[in-house]
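What follows is a set of notes on a single structure, which appears directly below.
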Amino acid sequence: MNSFLEISPEVKQALANNKPVVALESTIISHGMPYPKNMETALQVEQIVRDNNAIPATIAIINGKLKAGLSNIEIKLLAQEGPKVIKTSRRDIPYLVSKKLNGATTVASTMIIAQMAGIKIFATGGIGGVHRGATESFDISADLQELAHTNVAVVCAGAKAILDLHLTLEYLETQGVPVIGYKTKELPAFYTRKSGLNVDFKLDSPQEIANFLKSKWDLNLQGGVVIANPIPSIYQMDYTKIMKTIDDALLEADKLGIKGKESTPFLLEKIVNLTHGKSLETNIKLVFNNAELAAKIACDYVKLTNN
Ligand code: PSU
Ligand code: MN
């Protein structure tokens, strides 16, 4: 156990007994949604993991400690502070630790802390990726590089079309990161089930996915796996309309010169405003859907490692 890491008693006990645990990120709380929806959602997501027989471990950095398993008070703190909390990716972790600060973890840093704690399955909304115009801006999320070498599976609704989804898949291919579609051959694009792009492998049950993960890691093939879980049809948004909204948000970001780590949170907020909150409701529904699938995969995964 390393001295930087603090695992909550409940999560620690679950891990010691090989019970299913699902990691959850916290940038989605601080920078992905407004208060109080962010707090309500974070707590509901934890409940959904429990309802599906797994233990939730929301991850963040609190007073410089890497935490796996937050109290409701800590979740509330991140939710209320919102964007004032530092959005923490891999490169930021030593700063927060050495200064004893609070940080909300992205997909990349949540994977790092999950791996330190021994958690294999992680649920979120969408991963970061290669941004549109990356050939000029070089803006490629550190999430992708983390997926290349950290052994955690990320259940998500694909990636938002604020990104260049084609280049994101190319990057993942180069880095040897498998992209699985849950009951789909098509990569979902977060708000919509379609993107026009294919995943690498369609798998149709949590058990098949658990077997895939076990095979990869037993083979010592380092790195993560993207498990793309499309939003249920009843909640998906109109493809043409959301694409237009995303284009408008990107134009606005460009006009204001928004760059670097501010880019993703700016675009998320802009899309919520442009859709009068409708995209936020969709976002919440897909996170719930991902938490449920992640819990089921975690349950099947521990069965494979129980003897
Ligand atoms: N995509 C979403 N919602 C989010 C994020 C991405 O649909 O909340 C967050 C995640 O924490 C992700 C991070 O890891 O943004 C990626 O940021 P960047 O593009 O700066 O790497
Ligand atoms: Mn970036």
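The values are calculated or read from the model by the stated rules, or taken from the named source; none is laboratory data. The model shown is predicted, which means the values in this text are computed figures rather than measured ones. Glycine gets a Cβ as well: all are built from the backbone with ideal geometry, and neighbour counts include every protein chain shown. Surface areas here come from the heavy atoms of the whole protein model, side chains and all, with no ligands, DNA or RNA. Shrake-Rupley method; radii C 1.70, N 1.55, O 1.52, S 1.80 Å.
At a glance:
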{"item": "Rg(Cα) / (2.2 N^0.38 Å) computed for region 118-205, rounded to two decimals", "result": "1.03"}
{"item": "Residue among 231, 112, 154 farthest towards the positive dipole end of region 103-233, charges placed on Cβ", "result": "231"}
{"item": "Hydrodynamic radius by Kirkwood, which averages 1/r over all alpha carbon pairs of region 64-106, in angstrom", "result": "10.6 Å"}
{"item": "Carbon + sulfur, % of accessible area of the chain - ligands and nucleic acids excluded, 1.4 Å", "result": "52 percent"}
{"item": "Dimensions in Å of region 3-82 - Rg and Dmax from alpha carbons", "result": "12.3, 36"}
{"item": "15 Å Cα-Cα reach of residue 76 towards aspartates and glutamates, excluding residues that sit fewer than 8 places from it in its own chain", "result": "25, 40, 46"}
{"item": "Quotient of C-alpha Rg and 2.2 N^0.38 Å, computed over region 56-207", "result": "1.08"}
{"item": "Shape metrics for region 155-275, restricted to C-alpha atoms - Rg then Dmax, Å", "result": "16.0, 48"}
{"item": "Exposed trypsin sites (Lys or Arg not before Pro) absent - longest run of the chain, DSSP non-H/G/I/E/B, at most 13 other C-beta within 10 Å", "result": "1-99"}
{"item": "Per residue solvent-accessible surface (Å²) - region 248-307, probe of 1.4 Å", "result": "51 Å²"}
{"item": "Size of charge dipole - the chain - debye, nearest 20, with Cβ of Lys, Arg +1 and Asp, Glu -1, no other charges", "result": "440 debye"}
{"item": "Mean separation of Cα contacts under 8 Å (6+ apart) over length of the chain, as relative contact order %", "result": "20 percent"}
{"item": "Relative contact order, percent, region 1-113 [alpha-carbon distance under 8 Å, six or more residues apart]", "result": "34 percent"}
{"item": "Anisotropy class of region 259-307 from Cα gyration tensor, a/c 1.5 cut", "result": "oblate"}
{"item": "DSSP-defined antiparallel bridges as percent of all bridges, the chain, nearest 5", "result": "30 percent"}
{"item": "For region 11-133, accessible area per residue (1.4 Å probe, heavy atoms of protein chains only), Å²", "result": "39 Å²"}
{"item": "Listed residue pairs exceeding 32 Å between alpha carbons, taken from 194/216; 214/278; 67/216; 12/84", "result": "214/278"}
{"item": "Which listed pairs, of 185/296; 160/285; 87/296; 87/303; 261/285, have C-alpha distances above 23 Å, in listed order", "result": "87/296; 87/303; 261/285"}
{"item": "Distance between modelled label sites at residue 215 and residue 137, nm, 7 Å Cα→Cβ extension", "result": "3.7 nm"}
{"item": "Residue order for 276, 31, 166 - accessible surface, 1.4 angstrom probe, largest first", "result": "276, 166, 31"}
{"item": "Region 113-268: relative contact order as a whole-number percent, Cα under 8 Å and 6+ apart", "result": "24 percent"}
{"item": "Under-5 Å amide H pairs with residue 129, H placed in peptide plane, nonlocal only", "result": "141"}
{"item": "Overall form of the chain per C-alpha gyration tensor (a/c, 1.5; a/b vs b/c)", "result": "rounded"}
{"item": "Of 60, 79, 14, the one that fluctuates the most in a GNM where the chain has Cα springs shorter than 10 Å", "result": "14"}
{"item": "Under Karplus coefficients 6.51, -1.76 and 1.60, residue-wise ³J(HN,Hα) of region 232-249 in Hz, glycine/proline x", "result": "x, 3, 5, 9, 6, 9, 5, 4, 5, 5, 5, 5, 5, 4, 4, 4, 5, 5"}
